[in-house]
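Colleague: Take this structure, written in structure tokens, and hold onto it; I'll ask about it next.
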Amino acid sequence: MAKRLRENPEALAQRRSSVGRPFGTIKQTMHQGAFLIRRMENVREEFSLTARAYNIKRALNLVGVVG
């Protein structure tokens, strides 16, 4: 990984800019800083639920549903 980053340092900047916003929003506005459960299978499930909630919230904001 370090070798690939040395060869292409722009890749990390591009990746950070493309995925930073959703993860930052999830962590900050949805209060999902750390996972509440352990074991990889459970963490995947927890994040899956969080991602679905984020996507629904985002879709409702884009459509413009009145609260």
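The values are calculated or read from the model by the stated rules, or taken from the named source; none is laboratory data. For clarity, every value in this text was computed on a predicted model and none was experimentally measured. To get the accessible areas, we keep the full protein, side chains included, count just its heavy atoms, and leave off ligands, DNA and RNA. Shrake-Rupley method; radii C 1.70, N 1.55, O 1.52, S 1.80 Å.
Colleague: Limited to the range 15-44, what total is found for residues that are over 20 Å from R58 (Cα atoms) and at pLDDT 75 or above?
Modeller: Going through the range 15-44 one residue at a time, the tally reaches 11.
Colleague: Within the chain, considering only helices (runs of 4 or more DSSP H) that don't extend past its boundaries, which have at least 2 residues that are β-branched (V, I, T)?
Modeller: Details: elements: 2-7, 10-29, 40-63.
Where helices (runs of 4 or more DSSP H) fall fully within the chain and carry at least 2 residues being β-branched (V, I, T), they are 10-29, 40-63.
Colleague: Return the residues of the range 51-66 that are of a type in the set (V, I, T) and open to solvent by 100 Å² or more (accessible area, probe 1.4 Å); say none if nothing qualifies. Can you show your working first?
Modeller: Kept after step one, since they are of a type in the set (V, I, T), are these residues of the range 51-66: 56, 63, 65-66.
Residues satisfying the conditions are I56, V63, V66.
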